[in-house]
Amino acid sequence: MEMSSRKFTLALVQMLVGTNKAENLKKAEHLIEKAVSKKAAVVALGECFNSPYGTPNFAQYAEKVPEGETVRFLSEVAKKHGIYLIGGSIPEVEGSKLYNTCTVHGPDGSLLAKYRKIHLFDINVPGRIVFKESDIFNAGNQLVTFETPFCKIGLGICYDIRFAELAQLYSAKGCNLLIYPGAFNLTTGPAHWELLARSRAVDNQVYVATVSIARNENAHYVAWGNSTVTNPWGEVVKKLDHNEDILLVDIGSELKSNMLGVNYLLNLFYFRSRLFGRSEATDSDKNSTP
């Protein structure tokens, strides 16, 4: 499960999001162009990059996929620059349901993947923060990966990073890089954002990229920022502070074999099959996408 020897530049765009969708898209295009000028081949945006993150806003800004304004924009920008573009996430509407959805477009502008956030962010820390995504969003139910000439990439969104088995399943599928667009807050961010990224990376011997929106102190929901890339040894390769910025990291030259992660997974699944009398890996894969 080795990555291609071809090194590539990953860009995480930590964008300050406002209330005007058209202005958000215009800013995203400008920052993507800056990343491409620095030779980025894979570019990722943050969670809800086209709209303010918050339950009062999701329905108002929701779009259909792939017909919506934002997804068409992402397709055009990916094709214009010949890049792999991970579109953070947007509120998606399908029928009467809303989802927190990440799309991926290839260098030809085609839609390569659509991931719906599986683990919705519901939290109640008395006196500090109360938030309940499940009041608005429905949960996704599929793992999603996509191939590039550089490596296979697995997708999660924000709260998904807390669930170790999701990353384990992606590693078992041969992913070398996991990308989590996110928007941790000022309570959970300083406590767990970097800790979780390093844990998922070293557990599975993969790169982990967590890409946040920038911090807006005047927003209804204030994001932590601090977009980060962690290598398979659990080391933080590079990270940002909370301001709008672009994180650029060359990936490939220092990749370590993830056989440690594979052996761990095989032992885990063997233990569970002995304990429960069935293979968790096989059962979980029935509901996953290739």
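Of note:
- Contacts under 6 angstrom Cβ, first residue in region 74-101 being in a loop (DSSP other than H, G, I, E, B), partner open to solvent by less than 10 Å² (accessible area, probe 1.4 Å) and acidic (Asp, Glu), 6 or more apart: 88/47; 89/47
- Residue in region 231-239 that is open to solvent by less than 10 Å² (accessible area, probe 1.4 Å), over 15 Å from residue 167 (Cα atoms) and either assigned to a loop (DSSP other than H, G, I, E, B) or touching a strand residue (DSSP E or B) at 6+ places or on another chain (Cβ under 8 Å) (or both) present: no
- Residue 54 passes every criterion in (1) open to solvent by less than 20 Å² (accessible area, probe 1.4 Å); (2) at negative phi apart from (2).
- Candidates 195, 186, 178 - the one that is open to solvent by 20 Å² or more (accessible area, probe 1.4 Å) and within 25 Å of residue 51 (Cβ to Cβ): 186
- Residue tally, condition in a helix (DSSP H, G or I) and of a type in the set (Ser, Thr, Tyr), over region 5-56: 1
- Candidate set: region 205-221, residues that are in a loop (DSSP other than H, G, I, E, B) and under 18 Å from residue 152 (Cα atoms); chosen: the one nearest to the chain's Cα centre (by Cα): 206
Every residue, every condition in (1) in a strand (DSSP E or B); (2) in contact with a helix residue (DSSP H, G or I) (Cβ under 6 Å, 6 or more places away or on another chain); (3) of a type in the set (Gly, Ala, Ser), yes or no:
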residue: 167; (1), (2), (3): no, yes, yes
residue: 175; (1), (2), (3): no, no, no
residue: 180; (1), (2), (3): yes, yes, no
residue: 193; (1), (2), (3): no, no, no
residue: 203; (1), (2), (3): no, no, no
residue: 229; (1), (2), (3): yes, no, no
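- The residue that is least open to solvent (accessible area, probe 1.4 Å), counting only those in region 132-146 that are in contact with a strand residue (DSSP E or B) (Cβ under 8 Å, 6 or more places away or on another chain) and in a helix (DSSP H, G or I), is 133.
- Residue count for region 73-94, restricted to those that are of a type outside the set (A, V, I, L, M, F, W, C) and either over 17 Å from residue 157 (Cβ atoms) or surrounded by fewer than 16 Cβ atoms within 10 Å (Cβ to Cβ) (or both): 8
- Conditions (1) exposed (fewer than 13 other Cβ atoms within 10 Å of the Cβ); (2) at pLDDT 95 or above; number of the one not met by residue 70: (1)
- Of all residues in region 2-42 being out of contact with any His (no Cβ under 8 Å at 6 or more places or on another chain) and among the β-branched types (Val, Ile, Thr), the one that is most open to solvent (accessible area, probe 1.4 Å): 19
- Residue ID - most open to solvent (accessible area, probe 1.4 Å), chosen from residues in region 114-131 that are hydrophobic (A, V, I, L, M, F, W, C) and without any contact (Cβ under 8 Å) to a residue 60 or more places away in the chain: 130
- Screening the candidates 164, 113 for the property of being under 16 Å from residue 66 (Cβ atoms) and either within 15 Å of the chain's Cα centre (by Cα) or of a type in the set (Asp, Glu) (or both) yields one hit, 113.
- Matching residues, region 147-165, being surrounded by fewer than 21 Cβ atoms within 10 Å (Cβ to Cβ) and either touching a Pro at 6+ places or on another chain (Cβ under 7 Å) or within 29 Å of residue 54 (Cα to Cα) (or both): 162, 163, 164, 165
The values are calculated or read from the model by the stated rules, or taken from the named source; none is laboratory data. Here the structure is a predicted model, which means the values were calculated and not measured. Note: ideal-geometry Cβ built from the backbone for every residue, glycine included; neighbour counts use all protein chains shown. Areas reflect the complete protein model, heavy atoms only, side chains present, ligands, DNA and RNA absent. Shrake-Rupley method; radii C 1.70, N 1.55, O 1.52, S 1.80 Å.
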